[in-house]
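Some notes on the structure that comes next.
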Amino acid sequence: MKKTDEFRGKTVVITGGGGILCQSFARTLAERGARVAILDLNGEAARAVAQEILAAGGEALGVEANVLDADSLKRAHEAISIAFGPCDILINGAGGNHPKGTTSQEYLLKEHLKEEAVTTFFDLDPVGIQFVFDLNFLGTFLPTREFALDMVEKEQGVVLNVSSMSSLRPLTRIPAYSGAKSAVSNFTQWLAVYFAKVGIRVNALAPGFFLTDQNRSLLTSEDGGLTARGNTIIAHTPMQRFGTAADLDGALLWLCGSDSAFVTGVVIPIDGGFSAYSGV
Ligand code: NAD
């Protein structure tokens with residue numbers, strides 16, 4: 001399993017670690033010697049990822065935890081402290097969208113107001129909007145409040161948030177997700193300043209389009225081809241493809257490691273050029 005010893009002795013806590021992108025982060029860091037604690041609401045998924053890392057000779061612990069429940073995070077923290085000691089690196093990966101915060105069309109046409117099957121802006125449900133803001137923003141705030149205290153004690157540490165390319169310019173149809181990820185990016189800068197004098201660096205990844213369970217049905221059709229939205233995305237991505245989890249590894253390792261010792265408060269788009277391209 002081991003590639004280098006770069007993260008030997010470091011305890012890394014990864015929320016959402018049972019999901020597609022964050023389980024890849026867990027493997028990548030474990031391969032470099034880190035002890036990885038994989039937190040997920042889906043305890044089975046977290047334990048399965050940990051099991052796989054252990055079987056490959058790495059050090060990992062799967063923990064069921066809810067990033068929106070302070071008590072659940074406290075319990076997870078206690079279990080991790082016993083197994084691995086204090087947290088050195090926190091990756092806030094849990095996040096996502098909700099159908100009740102998503103319009104079905106990119107633009108409003110007057111006739112949509114009479115069409116049952118169309119979800120317009122006027123049909124959006126505050127419950128969906130709240131869910132998305134809570135999961136992405138509070139779900140970053142609460143784990144940071146729980147785990148960054150270990151780093152203050154050592155006067156050293158790294159927090160890596162997972163924002164989104166849609167925080168830079170909102171994508172159509174997902175106002176809540178785009179707004180919530182903008183809040184994550186903004187909070188990344190706020191925390192970077194606030195923690196600067198206690199040796200904690202805070203940065204964020206802003207992934208573009210990566211095929212995962214969250215968006216597979218939006219971007220691909222059952223025959224394996226692309227949906228209209230999938231085609232539009234590829235047409236607006238200068239590199240002409242979706243990202244893969246491994247595309248995040250370079251920025252992940254750099255921001256978690258000592259080569260970025262003077263870097264804090266940055267949000268790095270990893271999107272094949274999508275956010276740089278105006279479409280013309
Ligand atoms: P995913 O759905 O595969 O993983 C998310 C994980 O978070 C899941 O395992 C889920 O169980 C867990 N989770 C959900 N609610 C939780 C809670 N309350 N407490 C603890 N865990 C919880 O998604 P992914 O695509 O791997 O996304 C990972 C991160 O990357 C998310 O923050 C997402 O918004 C962001 N992101 C993804 C993309 C993409 O294209 N996939 C693009 C930009 C940003």
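The values are calculated or read from the model by the stated rules, or taken from the named source; none is laboratory data. Everything quoted here is computed from the prediction, not taken from an experiment. Every residue, glycine among them, receives a Cβ derived from its backbone with ideal geometry; neighbour counts consider all protein chains shown.
Summary table below
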quantity	calculated
Given (1) over 21 Å from V13 (Cβ atoms); (2) assigned by TED's automatic domain parsing to the domain that holds D69, index of the condition V158 fails	(1)
Residue ID - farthest from L253 (Cα to Cα), chosen from residues in the stretch 149-170 that are more than 10 Å from the ligand (Cβ to nearest atom) and free of Cβ contacts under 8 Å to residues at least 60 places away in the same chain	P170
Flag if A204 is touching a Ser or Thr at 6+ places or on another chain (Cβ under 9 Å) and surrounded by 22 or more Cβ atoms within 10 Å (Cβ to Cβ)	yes
Exclusive hit being closer than 22 Å to P86 by Cβ and in a helix (DSSP H, G or I), set L39, L29, L61	L29
In the stretch 22-55, residue nearest to the chain's Cα centre (by Cα) [restricted to those that are crowded, with 23+ Cβ neighbours inside 10 Å and within 11 Å of the ligand (Cβ to nearest atom)]	C22
Scan of the stretch 171-184 for residues that are within 11 Å of the ligand (Cβ to nearest atom) and either free of Cβ contacts under 8 Å to residues at least 60 places away in the same chain or assigned to a helix (DSSP H, G or I) (or both), ordered by number	L171, Y177, S178, A180, K181, V184
Selected residue (only one of I53, I80 is in contact (Cβ under 8 Å) with a residue 40 or more places away in the chain, farther than 23 Å from L138 by Cβ and hydrophobic (A, V, I, L, M, F, W, C))	I53
Residue within the stretch 243-265 that is within 16 Å of the ligand (Cβ to nearest atom), in a loop (DSSP other than H, G, I, E, B) and crowded, with 17+ Cβ neighbours inside 10 Å present	no
Residue check, I14 more than 9 Å from the ligand (Cβ to nearest atom), touching a Cys at 6+ places or on another chain (Cβ under 6 Å) and within 25 Å of N215 (Cβ to Cβ)	yes
Residues satisfying the stated conditions in the stretch 56-70, i.e. within 13 Å of the ligand (Cβ to nearest atom) and exposed (fewer than 15 other Cβ atoms within 10 Å of the Cβ)	D69, A70
Complete set of residues in the stretch 182-218 that are under 16 Å from A251 (Cβ atoms) and among the basic types (K, R)	R201
Members of the stretch 78-123 found to be under 14 Å from R173 (Cβ atoms) and buried (at least 17 other Cβ atoms within 10 Å of the Cβ), listed by number	N97, H98, K100, G101, T102, T103, H112, T119
